[in-house]
Amino acid sequence: MRKLNALISIIIAGIMFLCGCSGAMLTTTEIMRLPISDLNDIISEEYVEFDPSISADGNGSIKIDCDEPIVVELYVLKGIDIDDAKLVYEAKLRSAELKGLAYLEMYCCFDGLGEYFSRDLKSPISGTSSWRHKETPFFLQKGQIPDRIKLNLVVNGTGVVWIDDIRLTKAPLG
């Protein structure tokens, strides 16, 4: 009887674990996808070019070839009504002969309160790398609705970096 009760407990725990995992995965929602097919909406112009031949999603990518550290201002997004959630800036990065680091940076701007940032400093890319999925979160409490969201790429060094498949997603806090 003890073995049967232990087996039932293990089965119930496994079902609860699987339900919890699938529920967490289903609650992530894509707010916006910014496919790269040209440079029309890209803010920065220096060191930036469209590369149709290298792409994570097949549509082309943004290539940054720099000989000094640079912050590449990619997009400023307005009118995104979101609060009480984890906002996540995601993209795929690739590098060639990068001497230094490259990482994602997101600013949430609140009129009258200032700008606050999130940076993916835990897992930057460097050297020569294949496509890597990167992300940086920003935690918005209830009532904290950003007026603008800035998506940047920081290249703290010299070399070539590509960025592609840019997304903004949200998930519940906690």
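The values are calculated or read from the model by the stated rules, or taken from the named source; none is laboratory data. Values in this document were obtained by computation on a predicted structure and should not be read as measured data. Reconstructed Cβ throughout: ideal geometry from the backbone, glycine too, with neighbour counts over all protein chains shown. Side chains included, ligands, DNA and RNA excluded: accessible areas come from the protein's heavy atoms. Shrake-Rupley method; radii C 1.70, N 1.55, O 1.52, S 1.80 Å.
Things worth noting here:
- Pairs of alpha carbons in the range 62-144 whose separation is greater than 19 Å (percent): 44
- Each Cα pair under 8 Å and six or more residues apart adds its sequence gap; the mean of these over the residue count of the range 81-135 is a relative contact order of 48 percent.
- Mean sequence separation of contacting Cα pairs (under 8 Å, at least six apart), scaled by the length of the chain, corresponds to a relative contact order of 33 percent.
- Calculated FRET efficiency for the pair residue 135/residue 97, C-beta based, R₀ 30 Å, to 0.05: 0.80
- Using the Cβ of residue 120 as centre and a radius below 12 Å, the other residues enclosed give a net charge of +1, where K and R count +1 and D and E count -1.
- Top of 98, 140, 113 by mean-square fluctuation, Gaussian network on the chain, Cα under 10 Å: 113
- Accessible area of residue 57 (1.4 Å probe, protein heavy atoms only, ligands and nucleic acids ignored): about 40 Å².
- Residues 84, 111 ordered from highest to lowest accessible area at a 1.4 Å probe: 111, 84.
- Residue order by solvent-accessible surface for 107, 116, 75 is 116, 107, 75, largest first, with ligands and nucleic acids left out and a 1.4 Å probe.
- Remark on the chain: Rg and Dmax equal 19.8, 72 Å (Cα only).
- Where Cα atoms sit under 18 Å apart: lysine pairs in the chain separated by 8 or more or lying on different chains: 21
- Sorting 117, 50, 110 by solvent-accessible area of protein heavy atoms yields 117, 50, 110, largest first, with a 1.4 Å probe.
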